[in-house]
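Q: Before I ask anything, let me first share the structure, which is written out below as structure tokens.
The values are calculated or read from the model by the stated rules, or taken from the named source; none is laboratory data. Bear in mind the structure is a predicted one, so any value in this text is a computation, not a measurement. Every residue, glycine as well, gets a Cβ built from its backbone with ideal geometry; the counts of neighbours run over all protein chains shown.
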Amino acid sequence: MDGKSDNNKVMLEGKIVAPFKFQMEHKGEAFYRTILQVNRQSGQCDLIPLLLSERLLDDTKNYEGQMVCVTGQFRSYNSHEKTKTCLLLHTFVKELDILDSDEEAGSMNEIFLQGFLCKAPVYRKTPLGREIADVLLAVNREYGRTDYIPCIVWGRNARFVSRLKVGNQVQVTGRIQSREYEKMEESEKVKKRAYEVSVFRLNLVE
């Protein structure tokens, strides 16, 4: 690997389905948040949060509803809410291209990560007997920062990763997926959305 930017690569194609909302300012540069809808071959879709700089945007264009191609990194950050700390995830966009028509846009959703197991993998079987393992990957970033990315590993890869130890370095290839769940907050059920990487390929880095 040439550098830490090679440890974390995301390529997505889909439709922007939410207005841009101001998220933060860093060193005089404003960053905005939106949602990208990426369709799966199954007919379902994933709703993936994007964070991008104002410098990638054209003030004369309305991006909502546009088909776009983005490249960047899948990043995490801690959000402090009252007495709790939540791990939030988004795709940090480095390049954004508008596609001319719906025909040009596929359903690209690809991610490559190289990182370290920072927790022991949790191996289990679904009610239908499918093998699955939950993995938390620590992916180093520039300037001494680290992203913590939850991953889901299936089948024989789940069995393999379950035998690895904390600190082992792995490479994974997969896609970013979103899923809805309900959580009790102050005696009320609230809908939430979680994000994780569904892993297709996994290799141990010796």
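Q: Anything in segment 73-123 that is closer than 30 Å to Lys165 by Cβ, basic (Lys, Arg) and modelled with pLDDT under 95? List them, or say none.
A: Lys84
Q: Do we have Lys21 as among the basic types (Lys, Arg) and either more than 20 Å from Ile176 (Cα to Cα) or touching a residue at least 40 places away in the same chain (Cβ under 8 Å) (or both) here?
A: Yes, satisfied.
Q: Continuing with this model, one more query. In segment 151-192, how many are assigned to a strand (DSSP E or B) and farther than 20 Å from Asn140 by Cα?
A: 16
Q: Suppose we keep only residues that are assigned to a strand (DSSP E or B) and in contact with a helix residue (DSSP H, G or I) (Cβ under 9 Å, 6 or more places away or on another chain) within segment 135-146. Which one would you say is surrounded by the fewest Cβ atoms within 10 Å (Cβ to Cβ)?
A: Asn140
Q: Restricting the search to segment 117-131, which residues are loosely packed, with under 11 Cβ neighbours inside 10 Å and over 18 Å from Arg156 (Cβ atoms)?
A: Pro127
Q: What about Ile16, is it within 28 Å of Val205 (Cβ to Cβ), outside the structural domain of Arg175 (by TED's automatic domain parsing) and not hydroxyl-bearing (Ser, Thr, Tyr)?
A: Numbers: within 28 Å of Val205 (Cβ to Cβ): no; outside the structural domain of Arg175 (by TED's automatic domain parsing): yes; not hydroxyl-bearing (Ser, Thr, Tyr): yes.
The answer is no for Ile16.
Q: A further question on this structure: Just checking, which of Lys125, Lys165 is among the charged types (D, E, K, R) and under 15 Å from Val205 (Cβ atoms)? Steps first, answer last, please.
A: Working: Lys125 fails: under 15 Å from Val205 (Cβ atoms).
Selected residue: Lys165, the only one of Lys125, Lys165 that is among the charged types (D, E, K, R) and under 15 Å from Val205 (Cβ atoms).
Per-residue answers, yes or no, for (1) in contact (Cβ under 8 Å) with a residue 60 or more places away in the chain; (2) surrounded by fewer than 13 Cβ atoms within 10 Å (Cβ to Cβ); (3) over 22 Å from Gln44 (Cβ atoms):
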{"position": "Tyr148", "(1), (2), (3)": "yes, no, yes"}
{"position": "Cys151", "(1), (2), (3)": "no, no, no"}
{"position": "Arg156", "(1), (2), (3)": "no, yes, yes"}
{"position": "Ser162", "(1), (2), (3)": "no, no, yes"}
{"position": "Gln177", "(1), (2), (3)": "yes, no, no"}
{"position": "Ser187", "(1), (2), (3)": "no, yes, yes"}
{"position": "Val205", "(1), (2), (3)": "yes, yes, yes"}
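Q: Next up: Filter segment 26-79 for residues that are charged (D, E, K, R), touching a residue at least 24 places away in the same chain (Cβ under 8 Å) and more than 19 Å from Val197 (Cα to Cα) and give the result.
A: Of everything in segment 26-79, those that are charged (D, E, K, R), touching a residue at least 24 places away in the same chain (Cβ under 8 Å) and more than 19 Å from Val197 (Cα to Cα) turn out to be Glu29, Arg33, Glu54, Arg55, Lys61, Glu64.
Q: Another one. Would you call Ser107 more than 25 Å from Leu87 (Cα to Cα), polar (S, T, N, Q) and either free of Cβ contacts under 8 Å to residues at least 60 places away in the same chain or in contact with an Asp or Glu (Cβ under 9 Å, 6 or more places away or on another chain) (or both)?
A: Values: more than 25 Å from Leu87 (Cα to Cα): yes; polar (S, T, N, Q): yes; either free of Cβ contacts under 8 Å to residues at least 60 places away in the same chain or in contact with an Asp or Glu (Cβ under 9 Å, 6 or more places away or on another chain) (or both): yes.
In short, yes.
Q: Among the residues of segment 104-141, write down those that are under 18 Å from the mean Cα position of the chain (by Cα) and closer than 30 Å to Met67 by Cα.
A: Ser107, Met108, Asn109, Glu110, Ile111, Phe112, Leu113, Gln114, Val139, Arg141
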